[in-house]
1. Can you give me the distance in nm between label points at Ala59 and Ile27, each placed 7 Å from the Cα along the Cα-to-Cβ direction?
2. Can you tell me which of Asp116, Asp45, Asp101 moves the most in a GNM of the chain? Springs connect C-alpha atoms under 10 Å apart.
3. When the Karplus curve 6.51 cos²θ - 1.76 cosθ + 1.60 is applied with θ = phi - 60°, which whole-Hz ³J(HN,Hα) does each residue of segment 121-135 get, with x for Gly and Pro?
4. To the nearest µm²/s, what D does Stokes-Einstein give for segment 92-159 at 20 °C and 1.002 mPa s, using the Kirkwood radius over alpha carbon pairs as Rh?
5. With a bin width of 10 angstrom, please list the P(r) values of segment 26-162 as percents of all Cα-Cα pairs, from the 0 bin to the one holding the largest distance.
6. If you place +1 on the Cβ of every Lys and Arg and -1 on the Cβ of every Asp and Glu, how big does the dipole about the Cα centre of the chain come out, in debye to the nearest 20?
7. Apply the Karplus parameterisation 6.51 cos²θ - 1.76 cosθ + 1.60, with θ equal to phi minus 60°, to every residue of segment 67-73 and state each ³J(HN,Hα) to the nearest whole Hz, in sequence, with x for glycine and proline.
8. Would you compute, from DSSP H runs of 4+ residues alone, the mean residue ellipticity of the chain at 222 nm, taking -39500 (n - 2.57) per run and dividing by the full residue count, rounded to the nearest 500?
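Derivation of every value follows stated rules applied to the coordinates shown; laboratory data play no part. This is a predicted model, so every value here is computed, not measured. Glycine also receives a Cβ, built like all others from the backbone with ideal geometry; neighbour counts cover every protein chain displayed.
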Amino acid sequence: MKINSKVIISVLAVGSVVGGLSWATPIFNLALPVLATGNQNADIDAHGEFATTGGEFKAFLKAEGPSTILFQDGAFGPGGHTGWHSHPGILALTLAAGTLDWYDGECNKKSYKPGDSWTEGSQLHYFKVTSTTNIHLLVAYIIAQGAASRIDEPAPPCAAALGLD
């Protein structure tokens, strides 16, 4: 009996998608509307320097290849979490309200409160809301143009013992 190769390819493609979804960890109680998106078609090579009373401040940003700059306004409800994921670039985040615990791929925890800022990148990470009220999170992404802003990942081995899977 001859099997149609298109049918086999279709079954394999669907199986890959379903299999991939089963390995990813879910997002729970999240709203992340996009405020603005723009494309930068050239490399980014920007820097800023400023003399302060305590010394000198320097900031550098370098991106090779076309990038997308994206801004999101995030809200997570109590008990909300991101699931394990990474990004194809870098993010700058500021927590405007609420509290959360952020975990790296080795399950090391950092706790954040309103007014705290941090950066994320291509490393595996996860966070969960620890406050009894919603959190408000502002996020700026600089990612590879054409890539999804988030890459779902399986939970690392350490996550199960902490209930983070």
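1. That separation, rounded to one decimal, is 2.6 nm.
2. Taking springs between Cα atoms under 10 Å, the residue moving most is Asp45.
3. x, 7, 6, 5, 7, 7, 9, 9, 6, 10, 7, 8, 10, 4, 9
4. Numbers: Rh = 13.1 Å.
Answer from the Stokes-Einstein relation: 164 µm²/s.
5. Pair shares across the bins are 11, 38, 33, 16, 2.
6. On the way: 9 positive and 14 negative charges, 112 e Å.
Dipole size: approximately 540 debye.
7. Coupling constants for segment 67-73: 10, 10, 10, 10, 10, 10, 10 Hz.
8. Details: 1 runs with 19 residues, N = 165.
Helix contribution divided over all residues of the chain: -4000 deg cm²/dmol.
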